[in-house]
1. For segment 1-159, which whole-number percentage of the solvent-accessible area (1.4 Å probe, protein heavy atoms only) is attributable to carbon and sulfur atoms?
2. Classify segment 263-302 as rounded, prolate or oblate from the Cα gyration tensor: take a ≥ b ≥ c as the square roots of its eigenvalues, call it rounded if a/c is under 1.5, otherwise prolate when a/b beats b/c and oblate if not.
3. Take the Cα pairs of the chain, get the Kirkwood Rh, then feed it into Stokes-Einstein at 4 °C and 1.567 mPa s and tell me D in µm²/s.
4. Got the relative contact order for the chain handy, in percent, Cα pairs under 8 Å and 6 or more residues apart?
5. For residue 221, what charge total do you get from the other residues with a beta carbon under 9 Å from its beta carbon, if Lys and Arg give +1 and Asp and Glu give -1?
6. Residues in segment 235-259 near a label at residue 190, defined as backbone nitrogen under 17 Å from the 7 Å Cα→Cβ point?
7. For residue 115, what is the net charge nearby, where nearby means another residue's Cβ is under 14 Å from its Cβ and Lys, Arg count +1, Asp, Glu -1?
8. Rounded to two decimal places and with Rh computed the Kirkwood way over Cα pairs, what is Rg over Rh for segment 161-302?
Amino acid sequence: MGFPANGASATDKPLKFLIYGRTGWIGGVLGRLCQAQSIDFTYGSGRLENRASLVADLTAVKPTHVFNAAGVTGRPNVDWCESHKVETIRTNVVGTLTLADVCREKGLVLINYATGCIFEYDSGHPLGSGIGFKEEDTPNFIGSFYSKTKAMVEDLLKNYENVCTLRVRMPISADLSNPRNFITKITRYEKVVDIPNSMTILDELLPISIEMAKRNLTGIWNFTNPGVVSHNEILEMYREYIDPNFTWKNFTLEEQAKVIIAPRSNNELDANKLKQEFPELLPIKESLIKYVFKPNQKTAGA
């Protein structure tokens, strides 16, 4: 195969990235990061579930690495997937596996932005214990059809030695106008639950994913900042840095269950593997302040 052993750095051949997910949030940011780093990149035009179109892309572009930031998360949220199961399977399962398979045939590393919303707190990983789920742990949350498809595909992708699976959770960025941003979502909700969770600060972690491609890292990675942060802690920071008059109301998981179709995942992921590879990785609360709240600060006192 053309891809080096896990962790071997790329050759002197100039980088050329092929990115799927041009219209998505992560795909858009990836393109801007490549521009900033003067990395040659092209957005894929093929449909993930159409093998011939992917082969055509790879033949035309001749990339050194492929990034998959395409997928169905549902609009306005994952409840959409409960009533659009075939469409969800087509992209999240058939499409992702097809892309991984085509990349393997061509000897290419695939950086696949996946999800960590395939776990929930349990007796071995209790809420507040600091014991996070590790990369090798078996997913225990299939409460939503979205998470169910993601857990299935992660398990199958373990067999593809060319795939780097990044478990993203509750992504956050400094772009507080983006409706996909977890902070933007919870500031607009009528009521929020208050549960500590692992989360992904894209401004810090997406550049790391580019570096992972350069190092040809593969396998599963918990792609979150170390530690957890709760909804209320984030909204308290929002009040401190952005809007001192901001108020919110909490409700319980039981109350939340009445207004959503599919249950939501709450968990802590163990980020030690990523931290060992990238020692500069900040804990979640420090990263939130540095990358999100300080750049957006509107208050004087924070």
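The values are calculated or read from the model by the stated rules, or taken from the named source; none is laboratory data. Remember, it's a predicted structure, so these values are computed and weren't measured experimentally. Cβ sites come from the backbone with ideal geometry, for glycine too, and all protein chains shown count toward neighbours. What goes into the accessible areas is simple: the full protein's heavy atoms, side chains included, and nothing from ligands, DNA or RNA. Shrake-Rupley method; radii C 1.70, N 1.55, O 1.52, S 1.80 Å.
1. On the way: 3990 of 7580 Å².
Looking at segment 1-159 in its full context, I get 53 percent from C and S.
2. Note, shape of segment 263-302 comes out oblate.
3. Rounded, D is 65 µm²/s.
4. About 20 percent, as a whole number.
5. Working: positive: 167, 273; negative: 135, 277.
Every neighbour counted, the sum reads 0.
6. 247-259
7. On the way: positive: 148, 150, 167, 169, 180, 264; negative: 120, 135, 154, 155.
Local charge sum for residue 115: +2.
8. On the way: Rg = 16.0 Å, Rh = 16.1 Å.
Result for segment 161-302 is an Rg/Rh of 0.99.
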